[in-house]
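Right, I'll just put the structure down here and ask away after.
The values are calculated or read from the model by the stated rules, or taken from the named source; none is laboratory data. Keep in mind that this is a model prediction, so the values were computed, not measured. We place every Cβ from the backbone using ideal geometry, glycine too, and count neighbours over all the protein chains shown.
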Amino acid sequence: ALVRSAGRMGYIDPQGQFIFPLEYDGMGPFSDGLAWARKGLVWNYIDPTGQIAIKDIKHEVGNFSNDRAHINVGKKTGFIDKTGQLVIDAKFDFAGGFHEGLAWVANGGKLGYIDLDGNLVVKMDYEFETPEVCGNFIEGRAFVIKKYLFGSIDRNGKWVVKNKYHVVASYQDGIARVELGLRREKK
């Protein structure tokens, strides 16, 4: 479990013993077997045994998902692999984590999706507002915005549910909560 005391962070095991001492300024959750840990302006990735798996990264990083983690280089975002190598160039204004092998990316207010090799597989035909409203692929679908309304697309960028909703929630068990004006529907 992640613990914080006096502004420092560390991890303890189920018996309450420290895996990592309270020495980090920031730490992320374990995902894909690694968690990021920051001291000052240097990031490392640690494994559940307390070993440093990737060390001395001088750029802000994110959580691993599908064996990729985003890295911010200057004002652009790219992706590293579990060896710490940049595998997708830092060329995006914003990017989300990989889900079902795809990650949303945004440039110039437009949003699309890339695969694990960085290939654009869903064109940047959708509107980007903020990272908080970008849709990750869940159960083969993702919510996107076009003409200020949410809809749902498949992995090929084809509409599954046309863009007509004002508010959406992620798919779970094939169902997503949506709001159209003041009326709520399930799709």
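Residues being aliphatic (A, V, I, L, M) and in contact with a Ser or Thr (Cβ under 7 Å, 6 or more places away or on another chain): count how many of those fall in the stretch 123-141. So that I can check it myself, show each step before the final result.
Residues of the stretch 123-141 that are aliphatic (A, V, I, L, M), as a first pass: 124, 133, 138.
Next cut, in contact with a Ser or Thr (Cβ under 7 Å, 6 or more places away or on another chain) only: 138.
The total comes to 1.
Just wondering, is there one or more residues in the stretch 20-36 that are of a type in the set (D, E, K, R) and modelled with pLDDT under 95? Quick ask: steps written out before the conclusion?
Pass one, the stretch 20-36, residues of a type in the set (D, E, K, R): 23, 25, 32.
Then drop every residue that is not modelled with pLDDT under 95, which leaves 23.
Looking for residues that are of a type in the set (D, E, K, R) and modelled with pLDDT under 95, one finds at least one in the stretch 20-36, hence yes.
Can you find a residue in the stretch 44-53 that is under 21 Å from LYS76 (Cα atoms) and either at pLDDT 90 or above or touching a Cys at 6+ places or on another chain (Cβ under 6 Å) (or both)?
For the stretch 44-53, residues under 21 Å from LYS76 (Cα atoms) and either at pLDDT 90 or above or touching a Cys at 6+ places or on another chain (Cβ under 6 Å) (or both): present.
Looking only at the stretch 73-88, count how many residues are at negative phi, without any contact (Cβ under 8 Å) to a residue 40 or more places away in the chain and in a loop (DSSP other than H, G, I, E, B).
Final tally of qualifying residues: 4.
Right, something else. For the stretch 137-187, give me each residue that is farther than 11 Å from TYR126 by Cβ, at pLDDT 90 or above and under 19 Å from the mean Cα position of the chain (by Cα).
PHE137, ILE138, GLU139, GLY140, ARG141, SER152, ASP154, ARG155
Let me ask something additional. Run GLY118 past the list (1) assigned to a loop (DSSP other than H, G, I, E, B); (2) in contact with a strand residue (DSSP E or B) (Cβ under 7 Å, 6 or more places away or on another chain); (3) surrounded by fewer than 16 Cβ atoms within 10 Å (Cβ to Cβ) and report the number of the one that doesn't hold.
Only one criterion in (1) assigned to a loop (DSSP other than H, G, I, E, B); (2) in contact with a strand residue (DSSP E or B) (Cβ under 7 Å, 6 or more places away or on another chain); (3) surrounded by fewer than 16 Cβ atoms within 10 Å (Cβ to Cβ) is unmet by GLY118, namely (3).
Collect the residues in the stretch 89-113 that are under 16 Å from PHE64 (Cβ atoms) and part of a strand (DSSP E or B), keeping them in residue-number order.
ALA95, HIS99, LEU102, ALA103
So how many residues does the stretch 123-136 have that are within 17 Å of the chain's Cα centre (by Cα) and buried (at least 17 other Cβ atoms within 10 Å of the Cβ)? Can you show your working first?
Of all residues in the stretch 123-136, those within 17 Å of the chain's Cα centre (by Cα) come to 128-136.
Filter again for buried (at least 17 other Cβ atoms within 10 Å of the Cβ), leaving 128, 134-136.
Number of matching residues: 4.
Hey, among ILE12, ILE88, which residue is among the β-branched types (Val, Ile, Thr) and over 18 Å from the mean Cα position of the chain (by Cα)?
Numbers: ILE88 fails: over 18 Å from the mean Cα position of the chain (by Cα).
Of the residues listed, the single one that is among the β-branched types (Val, Ile, Thr) and over 18 Å from the mean Cα position of the chain (by Cα) is ILE12.
What are the residues in the stretch 5-34 that are without any contact (Cβ under 8 Å) to a residue 12 or more places away in the chain and basic (Lys, Arg), if any?
none
Which condition does HIS70 not pass, out of (1) in a strand (DSSP E or B); (2) farther than 25 Å from ASP154 by Cα; (3) of a type outside the set (Gly, Ala, Ser); (4) under 21 Å from the mean Cα position of the chain (by Cα), if it passes all the others?
(2)
Scan the stretch 121-149 for residues that are of a type in the set (Gly, Ala, Ser) and in a strand (DSSP E or B) and report the count. Steps first, please.
Narrowing the stretch 121-149 to residues of a type in the set (Gly, Ala, Ser): 135, 140, 142.
Add one more test, that the residue is in a strand (DSSP E or B), and what stays is 142.
So the count comes out to 1.
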